[in-house]
Structures are given as C-alpha cells and as structure tokens.
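The structure appears below as structure tokens.
Bear in mind these aren't lab numbers, they're just calculated from the coordinates by the rules spelled out. The shown structure was predicted, so the numbers you read here are calculated from the model rather than taken from an experiment. Here Cβ is always computed from backbone atoms with ideal geometry, including for glycine, and neighbour counts include all displayed protein chains.
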Amino acid sequence: MDVEEEPVRDYDEDDDLLVNEHEVEAMIGVDDSEAEEDQDDLAPLPLPPSEARASRVWPDVATERAQRYQREIQAIRERFEDEVDLHDTTMVSEYAEEIFEYMADLEEAVMPNPDYMDGQNEISWSMRQTLVDWLLQVHLRYHMLPETLWIAVNIVDRFLTKRVVSLVKLQLVGVTAMFIAAKYEEILAPSVEEFVYMTEKGYTKEEILKGERIMLQTLDFQVSHYCSPYSWMRKISKADDYDIQTRTLSKFLTEVTLLDHRFLRVKPSLVAAVGMYCARKMLGGNWNEAFVFFSGYTEEQLIPGHDMLVQKLTEDNFHRQYVCKKYANKKFLKASVFAIDWAKNNINGSDDSQDSMILAE
C-alpha cells in the first residue's frame, strides 16, 4: 500500500498497527461495512474447544509406552553400526547428526493448529484438499523443487491457523503461499506475473504482492524453520541403499498426506517414516533395525499412520486427485496405480500377490 509523504511527526505505533489490520481485512475478505459487527474476525483465531480434548501432536501415547519406544530405539542405536561414507560429500557426515537434531527441535514450532477449521466460517477441509490438489498442479507445471510444495502448504495451514479467510480469498492464500515458498527455495522462481496467470487472472499482481506482505507479517517471517519430510526421507533411504522403487513409492505416499488434514498433527519426521514404512510393506519388505536406526521410529509407532494412509487411498474417486495422475506416469514408476490397487486389495482382505511397479522404459 502506497503511503503519502507527510510532515515529520512523532511515530505512533497504534497507527501502524491499524494500517496493518486494514490490510489483513482486505486480504481475508472482511467488508469495511461489517467491521464493527464482525470484530471477532479481525483478531487471530481463538483456540477451538477441541484443542483442550485433542493432542496437538500425534500420536498421543501413554508415558509408559513412549518410554518403552525410546528404550527399544536406544537399544538398536547402541548395537547398530552405521557405515559412514566420508567421501560422500552430499551427506556431510561430520555435521549430519547435529543438523538432524536441530531439525527435530524445530518440528513442533512450525506445526499448524490441527483444528483450525473449527474457527473458519466459510471454508472446510474438503475445500482445503481442493486447494492443495490445485497447488500440486501448479507445482508440477512449473517444475519447482519438492520442498517448495511442502513449504507452501505449511504456510497456508499456519496462516489459516491465525486468520479467518473467506472462500473467495482462499485461492489467493494458496497462490501467495506458493509465491513465497518459490522465492525462498527456487533458484529461478516464477515471476509474480506468472502467478497471476496461474489463477487465470482471478487476482491481480498488486493483490498477490500485498498478500505476500500480510502473510509474512502474520507468520512473523518464519519460513525457513520448516523442514519437509523429504529431508528425513533422504536419511531413512540409507537403510535400503536408496532403493529407487521404495523411494518413489514413499514420495507418492507422503504427498498423499498433504491432502489428508489428519496428518496436520504428525511431525514431518514421522510423516517421512510412515511413508517409507508403507512403501516397504507394499513392496514386501520389512522394517528392520536399519530403518529403526535411521528413522527413529519402531514399527509399532508407524502402523496407525500406515492404516490412515491406506484408508485415504481407498476413498471414493481418490484416483481422480491430481497427485494420483502425477504419479501414474511411467516417470514415477506408476506408483499411484500400484499403491491404490494394493490398498484396495488390502482393505478387502485379499491375499493375492501383488505385481511390482512398472519401471519406466
């Protein structure tokens, strides 16, 4: 917003806050004529009543069971020998352990409120799924990095945690989040004009740039704190020497979690472990000590997440989601076709042997 020059005067913080508040109103679709009647919509979202009942981070297990998990993992860490390749500069073995410890410390700080939809008036979880599926299309169309997609969805959820958004502005929130994520992650990010084109000129360049400022202010400019499951997946993949089929299938399964709001409670490291575990199970592998060592999770901890993923894959018409069309390509070994068929056979209790994924020619 342009500000006209005025004579020098004392700085009034209240005036500045008022300007920012008006900008937020415009971003989220609050009508000035209704401002006095809808004062509650202008403030950050209050915690919903369910917050007191449901745990913010999943899974919420008893202390005794959590301690048992830690003892099992610690025992494996003590006897498992990790063969460190000092010549593999991409794994930075000298610093890897400290890096992942730091990432683990940041995980919960950048997780959205999993019940934020309780405070929204016009949007629903199904609308969020539609928005994320559209972001997947935009992401693939412009060949952006995987982390860009994950950061964008995380920004959307954290923003909706703090602000009430009208339905007509929901796509603006999504495209602005992708714009921010691309500028942060990409070497050559799409221009703002290209993002206007993505929305079929549903929003102007000025609206996106204004939305960028409002969104960053709302999130206190915390973008780099989020580490996607892909970072953890690269570590876990060392357990099977980076098997291409397991890795590709797990990528599809972790992207499916973006569409399922139940996984908002799940930390990125656990999302990666669930995706890898589910891929291993579909391909007939087991969750051996190497996977426990590199993931930090036992099989018992991952079974509930696996069941949630299988349930999601068997939803009516789920194969029509863009993420399924994306991974139905031979480039991705037709991972979505294989996973959905496996899930349906598994749900139906079929004992038929599964064909392996079709490799790209």
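Which pairs in the list Lys251/Lys325; Lys251/Lys344; Lys201/Lys325 are over 21 Å apart, alpha-carbon to alpha-carbon?
From the list (Lys251/Lys325; Lys251/Lys344; Lys201/Lys325), the Cα-Cα distance tops 21 Å for Lys201/Lys325.
So what is the diffusion coefficient of the range 251-306 in µm² per second by Stokes-Einstein at 37 °C and 0.692 mPa s, using a Kirkwood Rh over Cα pairs?
For the chosen part, D equals 290 µm²/s.
So between Thr63 and Met127, what do we pick up on full extension, going 0.36 nm a residue minus the alpha carbon distance?
So the chain would gain 19.4 nm between Thr63 and Met127.
Loop only per DSSP, at most 14 neighbouring Cβ atoms within 10 Å: give me the GluC sites (Glu not before Pro) in the range 270-350, ordered by residue number.
Those that pass, being in a loop and sparsely packed, are Glu315.
Quick one: which residues, 5 or more positions from Val266 or on another chain, have an amide H under 5 Å from its amide H? H modelled 1.01 Å from N in the peptide plane, none for Pro or chain starts.
Trp58
How big is the Cα convex hull of the range 196-255 in projection, averaged over all directions, in nm²?
6.3 nm²
For the range 155-256, restrict the atom set to alpha-carbon positions and state the Rg and Dmax in Å.
16.6, 48
Read phi for every residue in the range 241-248 and hand back ³J(HN,Hα) as whole Hz from Karplus 6.51 cos²θ - 1.76 cosθ + 1.60, θ = phi - 60°, with x for Gly and Pro.
For the range 241-248, the Karplus-derived couplings read 6, 6, 4, 5, 5, 4, 5, 5 Hz, x marking Gly and Pro.
Per residue, what volume in Å³ does the convex hull of the Cα atoms of the range 59-172 enclose?
Taking only Cα atoms, the range 59-172 has a hull volume of 161 Å³ per residue.
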